[in-house]
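Worksheet: one structure, shown below.
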Amino acid sequence: MSLAEELAKQQRSISVAEFFERNKHLLGFDSPTRGIITTIKEAVDNALDACEEAMELPDIFLSVSRQDREIYRIVIEDNGPGIIPDQIPFIFGKLLYGSRFHQIRQSRGQQGIGISAAVLYAQLTAGVPTLIVSRTGPEHPAHEFAIQINIDTNEPEVLTRREIEWDRTHGTRIQIEFKSTLAAKKRLIEYLRYTSVVNPHARIRLEIDGEVFMFDRVSDEVIACPRAIKPHPHGIEVGQIRRMLQAAPGTLESFLMSSFSKIGKKTAEEICRIAKLSCTADAPSLSANEQKRLIEAMQMVKVPPPPISQCLSPIGEDLIIRGLEKEFQMDFVKARTRPGSVFSGHPFIIEAAIGYGGKLAADGNAQILRFANRVPLMYQQGACAITSAISAMNWKNYAVAQAGLPTGPLLILVHVASTSVPFTSESKDAIASIPEIEREITLGLQDLARDLKIFLSRRDRNRLQEDRARAVCAILPELAEKVAEIVELPKPDISSIEGRIMHKLIVRKTVSEGIVRVEIKNYTAGQASLSLYTITRDSENNADPPPDFLTKMDEDFTRVWQVVVDPGKVWTTTYSGSAHGTVEIRGIDPRNVVMVDRDE
Amino acid sequence: MSKEDLDILATGRLIGIARKWYDQMLEGQIPSIALPTRTKQNIEYDDTSEVWKYGDRESIRSAGTAKSALHLLKMAYVIWFLRKQIGENRSSTLRELYYISEGWKKAKFQAQDESNFLIEDLEILTDMQREAFHLRPEEDGATIFGPLKLREMTRRGEKDIHCQDDVGEAGYQIPTNVETVELLEHDAKFVIAIETGGMYARLIENGFDGDHQAILIHLKGQPARSTRRFLNRINTQFNLPVVVFTDGDPWSYRIYASVAYGAIKSAHISELLATPKARFIGVQPTDIRDYHLPSDHLNDKDIGALRSELTDPRFASDYWKEQIELQLKLNLKSEQQAFAAKGLDFVTKEYLPARLSDMGII
């Protein structure tokens, strides 16, 4: 036997399932820690996509519970439209089976690998089949399947199939068990938190060994499901056009006009002319050479950009802000949705948001939230075009410190929505460096950073004013007193200085010889209407004017005065008491109030 | 001026500061003070008095910010305290003032530096020295030995003292307030101010004061205000030449500069403290080279200090430029006591006489 014959014996086709078994990293199953996140991510993506298609507000339930030392059970339940029983084995038990791969529109999942890869991973590590329950509506029963994948053939194996009772009227439940660890628990919660930020219409509940995490919805608006569009002539590739031509009996001209977006009769004729092909040529019978000329011609003609608004669904500035505010406490937050744009014939929209201050960590790098088609990107931040676009900006121009990435209490969100998000790999962790996309990210962030700069300088100015106010209120009276003592003259009245500098409401409490005096001076331009609360242990009721409301709790007396002070006027009350207790003002913007408690 | 008059003047000027604030407040203005900016950039040479003084740059401190308001409040407390102290004829040190402020709540000093600066501010605002506020310096005055007769007002009455005949081997100690000393007469040709105690003692032991009719003053490192004031008075009253003898390193050149030109910290009273005619006798970098003195290599700090002196207006002369550049080239420094390598008499018999005749003093 010759060597060639010997080798030929070893040659055989490789099953897709087998290929992925060997290349788990391509799908995000390279380590036990990642397994849980990837599975939940894929299942949540599918659930959100399904709910979107069914125009439902997503209600997603997740649970992670340890079964054995290394085996975890993961349950994902949604209220989507459900899956008809005959489809279930294929969706979960066959890799590369999906409904969205051939459609040109924004969706989370695409290739149909994700969840079936999890099924494969489960049978490889735990050896337990995956349980699927699905119901398509109240008039249909729920079906439960136990499924595995045949690794050699990439075909589903149904171990059991039965009708069961289920309390949901429609939806899908997946129960999957595999070897994992919860080392990445923080990241899992983070992932859901970020998901909830860009899907403010979803409610997600997570239970980890009984511990509950809720991510509530802030918007009851069902998001419009993006509609599929026809491919755009720019960015079409040989294989794709060959398939399309074969499926399109008729003339070349009618093929061009009916199979692509934005090609009319005039453009179709121009393409044929440049490609030196007849408009009436039979489309399926073009030779390879003719197909190549056709593609080249299609790239050369001027065609308007694809219809972006119908195939993409940006989150919108308002909902991004509401989503962020629900999960993060910040002093400043702004969002931008850029106008749609195109790379290689693929429509895309960039959305960005910047948050600052509040409870964001004050030191270290800015927190970066990356999203592609409403899915958070959790890994490979350094390899992502979003990160490099952020680092390439000069943040110091916007009063933000920078060491590669911007630093400080800063949050940056970037969402890339596209019919075809250019990921660097199948595990969909990082966006590839595409100049058109990077440019749009930069423009969006620059716009936001300008707003941030205005906010920061205004805040600094306010701080300065605050500083002045404190100086005047806390120190000047003492200075006046001491100076009067030195020059042996009566203490000068400094209220006009206070008023001129401050334009604020001054609340001053002084205690002298057992008499407490609370004075409210209105240096603002308008009338001030407010409530004065004092909580003290002073029991004597001789306040003048008396409080409008008095209550006793344990040892403490709470007194409330309803006060109206005209601009430039002073309101005073006095009562017997001690220096102890608290004074509080309500019903007026605290930024306009300066509280001076001389006994502090 | 009698002590009583001085007290009345000081009290008046201190109250004047408070009075200004009081008037500002009555007019509805935010109280403020204006002070010259105390940096190297804001000292200028004054041709008439031949000393370095503060320039025209002023900074205004107004009580409009919390920081400055607090500074003014502290100043008010200090004025109030000093006024009381002068009235009661008591005195205190800067260190004591810092501790006294413990009881001033908000106006408490956070560090000794802060109270020192504040006192310097008051000196500038009142155009008086801190001794007039009954504030005593912490450090001892330096000692002096030589053919000089003076009269000191002591607690036990006036005393006439001759600084060779009436003192011990260590010499006469300059009091903290030099204004209580009256210079009577002398039999000297020049004054030599010496950085280290070892060299001062060497000159006394070798009888240098007698042999050359010299008044010896021990500077004790960076000289105290009283020492500088004393040198200034001998120089102006008797018109005696003053030479400064220090180690041969950048830090010692600064000692000379503060004797001759004044220090940045006290530029507001340079006229009283500086002796612009004082000349540097050594150790010069050229001496290190010519006498092959035992020496050490310059360290990074030395080199930095020398470089900084090249841009210091007080060293902007050809002489200093040449010496400093030579020293940087030699990369060496020597102490004044390094002359002992050539015998204990070398400095008094050879080096100093040679330098003094070079300088045209003997």
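Taking the stated definitions as given, is residue A:512 free of Cβ contacts under 8 Å to residues at least 40 places away in the same chain, under 18 Å from residue A:572 (Cβ atoms) and more than 10 Å from chain B (Cβ to nearest Cβ)?
yes
Restricting to the range B:261-302, give me the number of residues that are modelled with pLDDT of 90 or more and out of contact with any helix residue (DSSP H, G or I) (no Cβ under 7 Å at 6 or more places or on another chain).
Selection size over the range B:261-302: 11.
Mind checking which strands (runs of 3 or more DSSP E) fall wholly inside the range A:143-231 and carry at least 3 residues that are more than 17 Å from the chain's Cα centre (by Cα) and more than 30 Å from residue A:314 (Cβ to Cβ)?
It comes to A:155-164, A:171-179.
Condition check: touching an Asp or Glu at 6+ places or on another chain (Cβ under 8 Å), farther than 23 Å from residue B:33 by Cα and at pLDDT 90 or above. Does residue B:161 satisfy that?
Spelling it out, residue B:161 is indeed touching an Asp or Glu at 6+ places or on another chain (Cβ under 8 Å), farther than 23 Å from residue B:33 by Cα and at pLDDT 90 or above.
Within 14 Å of another protein chain (Cβ to nearest Cβ), of a type in the set (A, V, I, L, M, F, W, C) and in contact (Cβ under 8 Å) with a residue 12 or more places away in the chain: does that describe residue B:94? Write out each step before concluding.
On the way: within 14 Å of another protein chain (Cβ to nearest Cβ): no; of a type in the set (A, V, I, L, M, F, W, C): yes; in contact (Cβ under 8 Å) with a residue 12 or more places away in the chain: yes.
Against the criterion (within 14 Å of another protein chain (Cβ to nearest Cβ), of a type in the set (A, V, I, L, M, F, W, C) and in contact (Cβ under 8 Å) with a residue 12 or more places away in the chain), residue B:94 does not qualify.
Is it true that residue A:468 is within 14 Å of another protein chain (Cβ to nearest Cβ) and free of Cβ contacts under 8 Å to residues at least 60 places away in the same chain?
yes
Given the criteria more than 10 Å from chain B (Cβ to nearest Cβ) and loosely packed, with under 15 Cβ neighbours inside 10 Å, does residue A:420 qualify?
No; evaluated as a whole, the condition is false for this residue.
Taking interchain pairs and intrachain pairs at least six residues apart, which have beta carbon atoms under 6 angstrom, with the first residue in the range A:224-237 and more than 14 Å from residue A:308 (Cβ to Cβ) and the second acidic (Asp, Glu) and surrounded by fewer than 19 Cβ atoms within 10 Å (Cβ to Cβ)?
From residues that are more than 14 Å from residue A:308 (Cβ to Cβ), the pairs are A:225/A:53.
Considering the range A:236-284 alone, what residues qualify as being in contact with a Ser or Thr (Cβ under 6 Å, 6 or more places away or on another chain) and either at positive phi or not hydrophobic (A, V, I, L, M, F, W, C) (or both)?
Matches in the range A:236-284: A:251, A:280.
With respect to residue B:89, is the statement that it is at positive phi and among the polar types (S, T, N, Q) true?
yes
Name the single residue that is farthest from residue B:289 (Cα to Cα) among those in the range B:333-343 being within 30 Å of the chain's Cα centre (by Cα) and either aliphatic (A, V, I, L, M) or outside any helix (DSSP H, G or I) (or both). Before the answer, list the steps.
Quick first cut of the range B:333-343, residues within 30 Å of the chain's Cα centre (by Cα) only: B:333-340.
From what's left, either aliphatic (A, V, I, L, M) or outside any helix (DSSP H, G or I) (or both): B:333-335, B:338, B:340.
Values: B:333: 10, B:334: 10, B:335: 13, B:338: 13, B:340: 16 Å.
Checking each candidate, the answer is B:340.
Going residue by residue through the range A:52-75, is there one that turns out to be touching a residue at least 60 places away in the same chain (Cβ under 8 Å) and in a helix (DSSP H, G or I)?
The answer is yes; a qualifying residue exists.
Anything in the range A:1-24 that is at pLDDT 70 or above, loosely packed, with under 12 Cβ neighbours inside 10 Å and not in a helix (DSSP H, G or I)? List them, or say none.
Across the range A:1-24, the qualifying residue is only A:2.
Of the conditions (1) surrounded by fewer than 18 Cβ atoms within 10 Å (Cβ to Cβ); (2) in contact with a Leu (Cβ under 8 Å, 6 or more places away or on another chain), residue B:295 fails just one. Which one is it?
Condition (1) is where residue B:295 drops out.
Scan the helices (runs of 4 or more DSSP H) fully inside the range A:263-369 and keep the ones with 3 or more residues being β-branched (Val, Ile, Thr).
Per the criteria, A:265-274.
Can you find a residue in the range B:217-227 that is assigned to a strand (DSSP E or B) and touching a residue at least 24 places away in the same chain (Cβ under 8 Å)? Outline the logic, then answer.
Narrowing the range B:217-227 to residues assigned to a strand (DSSP E or B): B:217-218.
Narrowing the set further to residues that are touching a residue at least 24 places away in the same chain (Cβ under 8 Å) leaves B:217-218.
Checking the range B:217-227: at least one residue is assigned to a strand (DSSP E or B) and touching a residue at least 24 places away in the same chain (Cβ under 8 Å).
Among the residues of the range A:327-356, count how many are in contact with a helix residue (DSSP H, G or I) (Cβ under 8 Å, 6 or more places away or on another chain) and either within 22 Å of residue A:457 (Cα to Cα) or among the basic types (Lys, Arg) (or both).
Looking only at that region, the number is 13.
Out of all the residues in the range A:361-404, which are of a type in the set (Val, Ile, Thr) and under 14 Å from residue A:445 (Cβ atoms)?
Going through the range A:361-404, the residues of a type in the set (Val, Ile, Thr) turn out to be A:368, A:375, A:386-387, A:390, A:400.
Once the filter is applied, which keeps residues that are of a type in the set (Val, Ile, Thr) and under 14 Å from residue A:445 (Cβ atoms), the range A:361-404 yields A:368, A:386, A:387, A:390, A:400.
Here is a yes/no grid of residues against (1) under 28 Å from residue B:258 (Cα atoms); (2) out of contact with any Gly (no Cβ under 9 Å at 6 or more places or on another chain):
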position	(1), (2)
B:9	no, yes
B:20	no, yes
B:44	yes, no
B:74	no, yes
B:88	no, yes
B:96	yes, yes
B:108	no, yes
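Output the qualifying pairs, or none if there are none: Cβ atoms under 6 angstrom, residues six or more apart or on different chains, first residue in the range B:241-270 and part of a loop (DSSP other than H, G, I, E, B), second residue of a type in the set (S, T, N, Q).
Listed by first residue and then by second, the contacts come to B:246/B:252; B:247/B:336; B:262/B:270.
Could you grab the pairs with beta carbons closer than 8 Å, sequence gap of 6+ or different chains, first residue in the range B:151-171 and without any contact (Cβ under 8 Å) to a residue 60 or more places away in the chain and over 24 Å from residue B:204 (Cβ atoms), second one assigned to a strand (DSSP E or B) and among the basic types (Lys, Arg)?
So the pair list comes out as B:158/B:151.
Within the group B:64, B:141, which residue is free of Cβ contacts under 8 Å to residues at least 40 places away in the same chain, part of a loop (DSSP other than H, G, I, E, B) and buried (at least 19 other Cβ atoms within 10 Å of the Cβ)?
B:64
Does the range A:477-509 hold any residues that are part of a loop (DSSP other than H, G, I, E, B) and either on the phi < 0 side of the Ramachandran plot or more than 10 Å from chain B (Cβ to nearest Cβ) (or both), and which are they?
A:489, A:490, A:491, A:492, A:493, A:494, A:503, A:504
Does residue B:115 fit the bill of being away from chain A (no Cβ under 14 Å), at pLDDT 85 or above, surrounded by 16 or more Cβ atoms within 10 Å (Cβ to Cβ) and part of a helix (DSSP H, G or I)?
yes
Could you pull out the residue among B:90, B:155 that is closer than 30 Å to residue B:188 by Cβ and either surrounded by 19 or more Cβ atoms within 10 Å (Cβ to Cβ) or more than 20 Å from the chain's Cα centre (by Cα) (or both)?
B:155 is the lone residue from the list that is closer than 30 Å to residue B:188 by Cβ and either surrounded by 19 or more Cβ atoms within 10 Å (Cβ to Cβ) or more than 20 Å from the chain's Cα centre (by Cα) (or both).
The values are calculated or read from the model by the stated rules, or taken from the named source; none is laboratory data. Please read these numbers as outputs of a predicted model, since none were measured by experiment. Neighbour counts run over all protein chains shown; Cβ positions are idealised from the backbone, glycine included.
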